[in-house]
Amino acid sequence: MTISIVMPVYNGIGFIEKSLPPLSKMLNDSEVIELIVIDDGSSDDSMALAKEFGAKVLESGGRKGPGAARNIAVEQAKGEIVWFVDADVVVRSDALIELKKGFDNEEVVAVFGSYDDSPPAQNFLSQYKNMVHHYYHQQASRDASTFWSGCGAIRRKVFLELGGFDVEQFKHPSIEDIELGYRIKESGGKISLIPELQCSHLKVWRFFNLVHTEFFRRAIPWARLMLRQEQMTNDLNVGVGERVRAILAMLLMLFFLLSCFGLLTWWITLSMGIVGLIANSQFISFFNRRKGFFFTCGGFLYHQFYYLYSSIAFAFAVIEKVLIRDKTP
């Protein structure tokens, strides 16, 4: 089994000085046959640094986005397996061992892992977002229904047969990896989530870029994809349980507003809050074990807000589909 590592980079010198060393070591130890860094129109010294780490540097030909950059790199990759690693991801020393285990089963077409629970960024939203990703990926089924390209690998032959990432539909970083996962499953391929395949995420999240990314680049496109496929994925953060918790979050907000205007007794709102706590007990327990009581309180409250804007995104996609269908002759 030969493995090529592919990392798309756009002005990422602050990231790759941390993310490339463990990958470079794998290359020097002959554990992988090549480390490809594809420049997506950088204006900094990222590529000079990548060459210092022994990477094979390719050019995307301009700012085309990570999906298109990955497609170009895979075309030139030599490995039977292509391992995608984001520039802001630092893999663990045992990552390659865990990745190879995933491909021991010849039916497995692709594997992916998880962020760990110790991101270097210490602000609340970076910690929260990282922990939520870790939580969902650690709790999800190993027989995955989709794919993640932050730290995920795929058989090169299958990737090329499927046409790679859909860069026409997703011109900006979005859910191109999720959509690829749908196509893998539709073609009969098996995808494995490997919780032990972990990495550290270097990204620093702030309120506006987090909400914008999750609403416009993930929630709405993913809702559109599920509606188009007429298939509601029961996995990760769109499973049946998550939909129920989203409904509870909307009801809690509605009851709270009604109580504020004297239209509903506070006891009903309090009861709904207790129901929400019970419904999220696994989430709360997971956060509390790792981050403590006060962080868990903040994380729970923000997560209710996440449910609200995710639900709004899904409602938008449904209304959009109905309007488009009504206008179609």
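Bear in mind that the values in this text are calculations on the coordinates, not laboratory data. Everything numeric in this text was worked out from a predicted model, so none of it was measured. Note: ideal-geometry Cβ built from the backbone for every residue, glycine included; neighbour counts use all protein chains shown.
Worth a mention:
- Helix 266-279 and the long axis of the chain differ in direction by around 30°, with both axes built from C-alpha atoms.
- Amide H contacts under 5 Å for residue 190: 109, 110, restricted to partners 5 or more places along the chain or on a different chain, H placed in the peptide plane at 1.01 Å from N.
- For the range 184-191, 3J(HN,Hα) per residue [Karplus equation, 6.51 cos²θ - 1.76 cosθ + 1.60, θ = phi - 60°, Hz, x = Gly/Pro]: 4, 5, 4, 7, x, x, 9, 10
- Relative to the longest principal axis of the Cα atoms of the chain, the long axis of helix 293-327 lies at roughly 90 degrees.
- Karplus-derived 3J(HN,Hα), 6.51/-1.76/1.60, for each residue of the range 131-146, Hz, glycine and proline x: 5, 5, 4, 4, 4, 5, 6, 7, 8, 6, 5, 5, 7, 6, 9, 8
- Angle in degrees between helix 13-28 and the longest Cα principal axis of the chain, rounded to the nearest 10: 50 degrees
- Helical mean residue ellipticity (222 nm; -39500 (n - 2.57) per DSSP H run of 4+; nearest 500) of the chain: -16500 deg cm²/dmol
- Among 266, 205, the order by Cβ neighbours within 10 angstrom, fewest to most, reads 266, 205.
- Here the gap between residue 228 and residue 142, fully extended at 0.36 nm per residue and compared with their Cα-Cα distance, gives a gain of 28.5 nm.
- Close amide-amide hydrogen proximity is noted between residue 38 and 7, 9, 58, each under 5 Å apart and 5 or more residues distant or on a separate chain (H modeled in the peptide plane; Pro and chain starts excluded).
- Per-residue 3J(HN,Hα) values for the range 109-117, derived from phi via the Karplus relation 6.51 cos²θ - 1.76 cosθ + 1.60 with θ = phi - 60°, read 8, 8, 9, 8, x, 7, 5, 7, 9 Hz in sequence order (x marks Gly and Pro).
- Sites residue 196 and residue 323 - FRET efficiency at Förster radius 45 Å, r taken between beta-carbons, to 0.05: 0.50
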